[in-house]
1. Spot the failing condition for residue A:28; the list is (1) at pLDDT below 95; (2) under 21 Å from residue B:101 (Cβ atoms), and only one is missed.
2. When residues of the stretch A:69-103 are filtered for being aromatic (Phe, Trp, Tyr) and open to solvent by 10 Å² or more (accessible area, probe 1.4 Å), how many remain?
3. State yes or no: is residue A:56 under 23 Å from residue B:87 (Cβ atoms) and at pLDDT 95 or above?
4. For the structure I just gave you, tell me whether residue B:22 is under 20 Å from residue B:55 (Cα atoms), open to solvent by less than 60 Å² (accessible area, probe 1.4 Å) and of a type outside the set (S, T, N, Q).
5. Select, from A:101, A:75, A:66, the only residue that is touching an Asp or Glu at 6+ places or on another chain (Cβ under 6 Å) and not charged (D, E, K, R).
6. Return only the number of the condition from (1) among the aliphatic types (A, V, I, L, M); (2) surrounded by 13 or more Cβ atoms within 10 Å (Cβ to Cβ); (3) assigned to a loop (DSSP other than H, G, I, E, B) that residue A:24 does not satisfy.
7. With respect to residue A:37, is the statement that it is open to solvent by less than 70 Å² (accessible area, probe 1.4 Å) and of a type in the set (Lys, Arg) true?
8. Of the conditions (1) within 14 Å of chain B (Cβ to nearest Cβ); (2) under 15 Å from residue A:47 (Cα atoms); (3) part of a loop (DSSP other than H, G, I, E, B), residue A:88 satisfies every one except a single condition; which number is it?
Amino acid sequence: GESVGLHLPTLSVQEGDNSIINCAYSNSASDYFIWYKQESGKGPQFIIDIRSNMDKRQGQRVTVLLNKTVKHLSLQIAATQPGDSAVYFCAENMRAGSYQLTFGKGTKLSVIP
Amino acid sequence: DVKVTQSSRYLVKRTGEKVFLECVQDMDHENMFWYRQDPGLGLRLIYFSYDVKMKEKGDIPEGYSVSREKKERFSLILESASTNQTSMYLCASSLRTEAFFGQGTRLTVV
């Protein structure tokens, strides 16, 4: 069954505010995590990744936080823009040496102008 | 930039037809994957391949097969299409763990 899931299926955020998208995982052996963004009519696009030996990683306007104690992953988007409206998926690599990713069900982010 | 190209954006096929979904990547990636995406279920892995002529079943292989005759091309085959295979199909490739996706093929089986 699914080992990667999301706390909220939808999230509405005012333009300019920060967004936080959450993800829970159950496999403590997972060593690599990715956040993908999927806009309507397109395939998922890589946003940011993090390895299990880290607890935080920052990109441009995005930050991923990993809390291995509670098996929780979050994506923070600063100053959310209308172009951030999309479905966001977390994915985990459950086995070192395997290239398979297990995906969560996704969170739909809607940005209110 | 990595480019993963799926041959069709939209397909409509009849029940019982044999359907081929084609995927090509241009970055010499070893790994290729086929997922299906359904509302509320996320992305589920159908088949994957780590090398030419090699294939492995994913989580939901029933009703599907694949072919990897060349490194850059990975084909998904629906042997006898059924209405429950109506879905969005996504192809991906990777060198290691970060997967790059195509734009998807929305298949409708009537």
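The values are calculated or read from the model by the stated rules, or taken from the named source; none is laboratory data. Source: prediction; values computed, not measured. A quick note on method: Cβ atoms are made from the backbone with ideal geometry, for glycine too, and the neighbour counts reach across all protein chains shown. SASA here: full protein model, heavy atoms, side chains in, ligands and nucleic acids out. Shrake-Rupley method; radii C 1.70, N 1.55, O 1.52, S 1.80 Å.
1. (2)
2. The number of residues fulfilling the criteria is 1.
3. no
4. So residue B:22 passes the test.
5. Residue meeting the stated conditions: A:66.
6. Evaluating residue A:24 over (1) among the aliphatic types (A, V, I, L, M); (2) surrounded by 13 or more Cβ atoms within 10 Å (Cβ to Cβ); (3) assigned to a loop (DSSP other than H, G, I, E, B) leaves (3) as the failure.
7. In short, yes.
8. (3)
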